[in-house]
Every structure is written in C-alpha cells, then in structure tokens.
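Derivation of every value follows stated rules applied to the coordinates shown; laboratory data play no part. Predicted model only: the values in this text are computed from it and were never measured. Cβ atoms come from the backbone with ideal geometry, glycine included; neighbour counts cover every protein chain shown.
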Amino acid sequence: MMVMTVVSGMVPNTRTDAFEKDYAELARGPLTPGLVRSQLLKKPDDVNFVYRIETLWENREMLDRMRARPEPPEAVRLFLKVGNPPSVEIFDLAQEIRSGPDAPCETKG
C-alpha cells in the first residue's frame, strides 16, 4: 500500500526563493528509492509562507528505510535550513482518483 508523507512548516518571506530553489535541486540528484512523486505547495500568510511537501512512497517499507537513515529526511532538512522545524504526518493511501480514460478510480487496501 502506498503512503504519503506531509511535511509542513513556515518559511520567512525573505527565504522563500532559496527554499524553493533547494527543493528544485532535489530533483537533480538521485531520488530516494521508493519515492513515487513529490510536490511543493505554498500558502501566503501575513509575514511568512506556509509550505507543504507531499511525497508519495511505494510502500511503508520504503519509507521506513529512508527514515532509518541517521540524517534527517530531505523535506525536513529543507525546513531546518530556514530555521523552522516542520510537522510531519504519514498517511496511508486509501483511495485515488485520476483523470483520463486509462485512469479509473481505485480503492486501495
């Protein structure tokens, strides 16, 4: 069963360009085994931006392997670099809807 990590935190307005550049750099290096896709979302706040990194993993085992490493996960590291420890949530993929003729609604589990 696929799982999704949701890593969220605040990024000061003065650091948003650097934060987004660092996120984009992750795509250039070797991707972590088991990573299916990742997306960066942002929402303006009064003085900061709330950012969310949603990453879909092949399964819980691949996620657990990544989390067992001694260094922080990349998504967490990005927030730490701007001085704000993020929140981390893990979700099981219960259902998925895709568009297009070859992408029916699927129920997982």
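For this structure, a couple of remarks:
- Counting only alpha carbon atoms, the long axis of helix 16-26 and the longest principal axis of the chain meet at about 40°.
- Label-point gap, in nm, between Val88 and Ala24 - each point 7 angstrom along Cα→Cβ: 2.7
- Percent RCO, i.e. relative contact order, over the chain, from Cα pairs under 8 Å lying at least 6 residues apart: 39
- When peptides 27-36, 67-76 are sorted by average Cβ neighbour count within 10 Å, with the highest value leading, the order is 67-76, 27-36.
- Rounded to the nearest 0.05, the FRET efficiency derived from the C-beta distance between Asn13 and Gln39 at R0 = 22 Å is 0.55.
- Per-residue ellipticity at 222 nm, computed for the chain from helices alone with -39500 (n - 2.57) per DSSP H run of at least four residues, works out to -7000 deg cm²/dmol.
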